[in-house]
Amino acid sequence: MIDRPGSHDAPDGASVAAARRRYSRQLLLPGFGAAGQQRLRDARVLIVGAGGLGSASATYLAAAGVGVLGIIDDDLVDESNLQRQVIHDTAAVGQPKVDSAASRLAAINPLVAVERHRMRLTAANALELVAAYDLVVDGADNFATRYVVADACALTGRAHVWGSILRFDGQASVWWPPHGPCYRCVFPQPPPPGSVASCAQAGVLGSLCAAIGAVQATEAIKLLTGIGRSLVGRLLVHDALAMTWDEVAVRANPTCHLCGPRADITQPRDDAEECATPLTRWSAAELSHGLVSDPDIVVVDVREPDEWAAGIIPGAITLPLGRIGELDVGRDARIVLYCAAGARSAAAARQLQAAGFASVSDLSGG
């Protein structure tokens, strides 16, 4: 259990009665009761990402009565988010995600305070932000942020309630040294840039976010109230297509650079970004001008075939990201790649750079 002295003012009689009505079904749970509800009320939880996982975990933590929820996200709500990020609605498209999420959570439970952090969690600000909360629910959608979260949690002693989703598969665990391993014990370094597709590239089943996000919310509630057995030391693996839940035992790595006896990571590190090869990015105007001044520029569309029907840049080579290694042009060719939003073209550009192509750029924003 996470111990934290109560920090809220004593509630008056009317608010106590309202809370009893709102949380009556929780108060009946064995081992939970009024003491467990008070622990939730006194807790501060930081949710990293107001996306698919954050939507589910934040909703259930607010409904359960966690006293303070911090939401950190620097993104705006996009129409493509609505299929899985159910904390946002159509009217919120174009709004900052932290504002949309805070509005929804206030409607769900006005007894919960929401702190908005409209920014990206980085190696520079992570320690200060994480230290201000009792526990972190990690719904990050990229490796750079995941490793920053992991480092900050381990260095501040905060439990790291982690989830990950892609296509039809999900994983969840609680990383919390010295009670169990940290994230780096099991995943020491991020994969090479472009080697793992993102949800934007590979897709994700919307309801999978609810399944894994609900696991994260449950783990957070258990840790805060001291009930049940947590996922510390266990990696939960979910296959939504087969509808199976499996469990893998995980242990602390005695040579871990973050939490081992000879750990040398003393500040959060953005390993994923350090591994990335710097890219040259073109704007649409720069590409248009470049095609006029240099007709030998090779333009490559790395979207999937079903996306090409919406239109391609005239003269572009159509070659999906998974087949980018088949590109048959000279190593000295000037290459500009593009996709729908920029993520796949950046991954393709890094693969071509690694293969020895001398002049590779991608179209910013797709």
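The values are calculated or read from the model by the stated rules, or taken from the named source; none is laboratory data. Everything numeric in this text was worked out from a predicted model, so none of it was measured. Neighbour counts run over all protein chains shown; Cβ positions are idealised from the backbone, glycine included.
Which ranges mark the strands (runs of 3 or more DSSP E) fully within segment 276-366 that have 1 or more residues being touching a helix residue (DSSP H, G or I) at 6+ places or on another chain (Cβ under 6 Å) and either surrounded by fewer than 19 Cβ atoms within 10 Å (Cβ to Cβ) or among the hydroxyl-bearing types (Ser, Thr, Tyr) (or both)?
334-338
Taking Leu69, is it touching a residue at least 60 places away in the same chain (Cβ under 8 Å) and either in contact with an Asp or Glu (Cβ under 6 Å, 6 or more places away or on another chain) or closer than 30 Å to Leu155 by Cβ (or both)?
Spelling it out, it is not the case that Leu69 is touching a residue at least 60 places away in the same chain (Cβ under 8 Å) and either in contact with an Asp or Glu (Cβ under 6 Å, 6 or more places away or on another chain) or closer than 30 Å to Leu155 by Cβ (or both).
Yes or no: Ala150 without any contact (Cβ under 8 Å) to a residue 40 or more places away in the chain and touching a Lys or Arg at 6+ places or on another chain (Cβ under 8 Å)?
no
From the list Ala18, Ala10, pick out the single residue that is modelled with pLDDT under 95 and not in a helix (DSSP H, G or I).
Just a single option satisfies the conditions, and that option is Ala10.
List every residue pair whose Cβ atoms sit under 9 Å apart, with the two residues 6 or more apart in sequence or on different chains, where the first one lies in segment 34-61 and is under 13 Å from Leu223 (Cβ atoms) and the second, anywhere, is of a type in the set (Val, Ile, Thr) and modelled with pLDDT under 95.
Every condition considered, the pairs that remain are Arg39/Ile2; Ala43/Ile2.
Within the set of pairs 6 or more residues apart or between chains, which connect a residue that is more than 16 Å from Gln37 (Cβ to Cβ) inside segment 218-229 to a residue that is of a type outside the set (Gly, Ala, Ser) with Cβ atoms less than 6 Å apart?
Sorted first by the residue in segment 218-229, then by its partner, the pairs are Glu219/Val161; Glu219/Val174; Glu219/Leu231.
What residue, among those in segment 18-61 that are polar (S, T, N, Q) and buried (at least 24 other Cβ atoms within 10 Å of the Cβ), is nearest to Ile212 (Cα to Cα)?
The extreme case among them is Ser57.
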